[in-house]
Amino acid sequence: MDTFDLQMNFRVVLKNQAQESTAELLGQMGAQRVLLVTDAGIQGAGLDRAYHQALTAKGIETAVFNEVEPNPTTANVEAGLAVAREFGPQAFLGIGGGSVLDCAKGINILLNRGGKMADYAGPQQGGAALLPLVAAPTTAGTGSEVSPFLLISDSETHAKIVCKDWQAIPKVAILDPSLSLTLPPMSTLFAGLDALVHGFESYVAKGSQPYTQALALKSIGLVHQNLPKVMAEPSGVEARGNMLIASNLAGMAFALSYLGLSHSLANALTKMKGTPHGLAVGMMLSSVIRFNAPVCGADYEHIARYVLDEACPADRQEACLALAEAVERMARSLGMPASLSELDFQKSQIPALVEEALRQATIQFNPRMPTAQELTTLLEACF
Ligand SMILES: [Fe+2]
């Protein structure tokens, strides 16, 4: 029997224009001083303004740290830490994508425990209590608002520091569709593909268990129905809300089960050419489904029956292939390139990509461990 240890000590609020509820909630937590963590893009678009105003109207003193960069660095965390030390917050409010939320988690850890980010690489146990973090995602993809993971790049060595700390999970996730209505189309697509792949990988991962699969299945269904809708009508509040829910459910799922081969290959693509994460995982998903199907066909068949409904073939193997085709068709119809050549990769780069993919921690959780030759064949088919 597989065992599991489920820890979900957080609250999730879905509300359009949630600024007043958020201020109310921070007030109820007893926070009179809040550090708002965001980035220049979010601030330039004015997305944090109504939140800032609502906090001020509630008598909550607010300082802003807006220097988070995409793929946040240890320098970003240190800069935020300096602001936090000076201001002395009683809580954090993160408004942004996964980078902002991860950076807020990092600032929270260093403020309360000292040291530097590299001291917290890997799974963490115990440690001093952290301040409450309220997280309002502006993209529907990473699920960082409910995940114990934070990914920070070392500013000097450029190495990724991956930290997993259950205490770093935000106390409250605010799913406010109004924050994602103006997200550009390709950012929306890449984030949505990331959420979709989180659902798929956590459903079949070695660490998968009943909670993971329940969360992941609903997430996959929501992305399948709503990603085409938000791409067709970016200002649709209902579909944007459903994508935030999907990303949130998938975030909980992979916090419990971890990820798989799509992420291992995608990280290699990103490292080599800076391919955006969501695009890279999206490009790998259907090939990984085909590769994994011989060992977890029953799982994919469940997903296929749920997603494809009456269009799902009766035969298991055909159902897996139909599922792979369906996700590929959907992503391409929304603008995902058809091959790695379109992303400027050359076949001669395959050996280096394979080597890097095999080094990724996520590969250990994939249900089928590939050989270098199998990865080579998989990547060749992507050209
Ligand atoms: Fe991801």
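Coordinate-derived values only; no laboratory data. None of these values were measured; they are calculated from a predicted model. A quick note on method: Cβ atoms are made from the backbone with ideal geometry, for glycine too, and the neighbour counts reach across all protein chains shown.
Quick look at the numbers
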quantity	calculated
Dipole in debye (nearest 20) - the chain, about Cα centre, beta carbon charges: Lys, Arg +1; Asp, Glu -1	400 debye
Ascending count of other beta-carbon atoms within 10 Å, so fewest first, for 211, 203, 300	211, 300, 203
Ranking of 99, 147, 341 by count of other Cβ atoms within 10 Å, fewest first	341, 99, 147
Packing rank of 320-332, 7-19, where each peptide gets the mean count of other beta carbons within 10 Å, highest leading	320-332, 7-19
DSSP beta bridge pairing in the chain, given as percent antiparallel to the nearest 5	20 percent
Gap separating the Cα centres of region 288-353 and region 123-158, nearest whole Å	30 Å
Top of 190, 87, 149 by mean-square fluctuation, Gaussian network on the chain, Cα under 10 Å	87
Nearby lysines by direct alpha-carbon distance to residue 58 (threshold 29 angstrom, same-chain neighbours under 8 apart not counted)	15, 105, 171
Percent of beta bridges antiparallel (DSSP, region 11-179, rounded to nearest 5)	20 percent
Cα centroid of region 18-38 to Cα centroid of region 184-215, whole Å	29 Å
